[in-house]
Every structure is written in C-alpha cells, then in structure tokens.
1. Exactly one condition in (1) open to solvent by less than 30 Å² (accessible area, probe 1.4 Å); (2) closer than 24 Å to LEU202 by Cβ is not met by ALA175; state its number.
2. Which one of these does HIS111 not meet: (1) closer than 28 Å to GLU197 by Cβ; (2) open to solvent by 40 Å² or more (accessible area, probe 1.4 Å)?
3. Can you name every residue in region 79-93 that is in contact (Cβ under 8 Å) with a residue 60 or more places away in the chain and charged (D, E, K, R)?
4. Scan region 94-111 and report the pairs whose first residue is free of Cβ contacts under 8 Å to residues at least 12 places away in the same chain and whose second residue is within 14 Å of the ligand (Cβ to nearest atom) and open to solvent by less than 80 Å² (accessible area, probe 1.4 Å), with Cβ atoms within less than 6 Å and a gap of 6+ or a chain change.
5. Test ASN122 against the stated conditions and say whether it is closer than 28 Å to GLY165 by Cβ and in the same structural domain as THR164 (by TED's automatic domain parsing).
Amino acid sequence: MTKVRTGILISGRGSNLQALIEACKTPAYPAEIVFVVSNVPGVLGLAHAEDAAIPTRTISHKDFPSRQAFDAVVTEALKEAGVDLVCNAGFMRLHSEDFVRHWWNRHLNIHPSLLPAFPGLNTHAQVLEAGAKISGCTVHFVRPKMDTGPIVAQAAVPVLSGDTGDSLAGRVLAAEHCLYPHALRLVASGEVRVERETVVDLTRVKEQAPQTPLFSPPLDEGL
Ligand code: GRF
C-alpha cells in the first residue's frame, strides 16, 4: 500500500504530532510521517519525533530576514524529504502567500475552535468571553487568511459552567487528538477532495436524495 508522505510543522509541545504518530502505526493507515520541522529549537514535539525515529529539522524563523525567506527554506526542506502533504500541528507562524500557494490543497491545519467562529489567538478566552455553550476543533485546508479554508472535519465539546481557559483547552485538546488522525485519514485516502472551496466526501456524493419528503403532509384517508 502506497502511503502519503506527510511532513508535520510544529512549534512546541507536539501532542497532536504524537496523536498522528500513533495513528500512523496502524498498517492500513494511508499516511506516513516522513519529516518533522520545528521553527523553535529544543521543543518537546521534536523529542516525540526522534523517539519515533522520524527525521527532524529545526529551522528558526529568527535566522531569516523575512517570512518569505523562512518559508522558502521550509518548502525546500519538505521537498527534499519527499513530502506530499503538510500538516500544521501547533505551528505558531503565519505563512507567506507563496508557501500557501505552493502547498495548495496539500496542507492542513488544526485550530481549537469550531471555525469560522473564534479564529486567531486566545481562542478559548474568546469562547468563554462570548458565553458560547459549545466549542470544539476544526481541521481545514490552509488558505492565505489565518484559520480559513475548506473544512475537512470538526469535533464539538461542551463549554461547562465554571470552565477556565485551561479546563476548556484540555477538553478541546482531547478531541483534537481524535480529530486530526481522522481528518488526515480522510485526505490521505482520497475519500475527500476540495471542490469549489468546500470539502466533498466522494464516498457519499452519489447518494440519492430521499424519494419521499422527510415531513410528508398527512394522507387523505378519504373521510
Ligand atoms: C493545539 O490546541 C492546536 O489546535 C493549536 O495549538 C495547540 C498545539 O498543541 N493550533 P500541541 O503542540 O499539538 O500539543
């Protein structure tokens, strides 16, 4: 079975990376992680990759004069590693337009809210401030504007009274660890595809509309 060669971009703890590493151990899983790049030296995520014998590279954005220059080196490194699909997993840098165009429809991100609600930083504080009763996480294809792009999959969790940013973040993170492996499987297996900027499930497009309306008018029983 040919697996999709996947590169992961991280900046820190790497718990989503670890969830993807675990998923990739299943023989029938359609992706393999062949390379991990961190823009921050010495982070825990790099140790997760090294423990799994995955090649890593640290490319610090601080060593480059511009976002474009940093991104160009990241793209070259990913290409040298033979990467076909890129997954951001807690990668805390915006991408240049060139980077996004290069990896168009071959680049996923996970965000800890139900997009398009609550994009950007301090997500859980935003959710609590708004008084939302449901939050969750989203895996989407990357587009130039931060936290936008065709949605592959989402998972919802409740916001409980008394939640703090940390307690909500922990509940969402547990959902992320299930969602990202699921979403990567959908994309790597080819079960889903971007069409007109939405993600279409190719296993379901041929389903027929129900032959009878869901809410039928009462039958005239001839009274
Ligand atoms: C996750 O909540 C992810 O959604 C967000 O940053 C966090 C990264 O966590 N973009 P980890 O590094 O995967 O543990």
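1. Tallying (1) open to solvent by less than 30 Å² (accessible area, probe 1.4 Å); (2) closer than 24 Å to LEU202 by Cβ, ALA175 fails exactly one: (2).
2. Failing condition for HIS111: (2).
3. Kept after step one, since they are in contact (Cβ under 8 Å) with a residue 60 or more places away in the chain, are these residues of region 79-93: 81-93.
Those that are in contact (Cβ under 8 Å) with a residue 60 or more places away in the chain and charged (D, E, K, R): ASP84, ARG93.
4. none
5. Values: closer than 28 Å to GLY165 by Cβ: yes; in the same structural domain as THR164 (by TED's automatic domain parsing): yes.
Against the criterion (closer than 28 Å to GLY165 by Cβ and in the same structural domain as THR164 (by TED's automatic domain parsing)), ASN122 qualifies.
The values are calculated or read from the model by the stated rules, or taken from the named source; none is laboratory data. Remember, predicted model here, so these are calculated numbers, not experimental data. Neighbour counts are summed over all protein chains in view; Cβ atoms, including those assigned to glycine, are modelled from backbone coordinates with ideal geometry. SASA here: full protein model, heavy atoms, side chains in, ligands and nucleic acids out. Shrake-Rupley method; radii C 1.70, N 1.55, O 1.52, S 1.80 Å.
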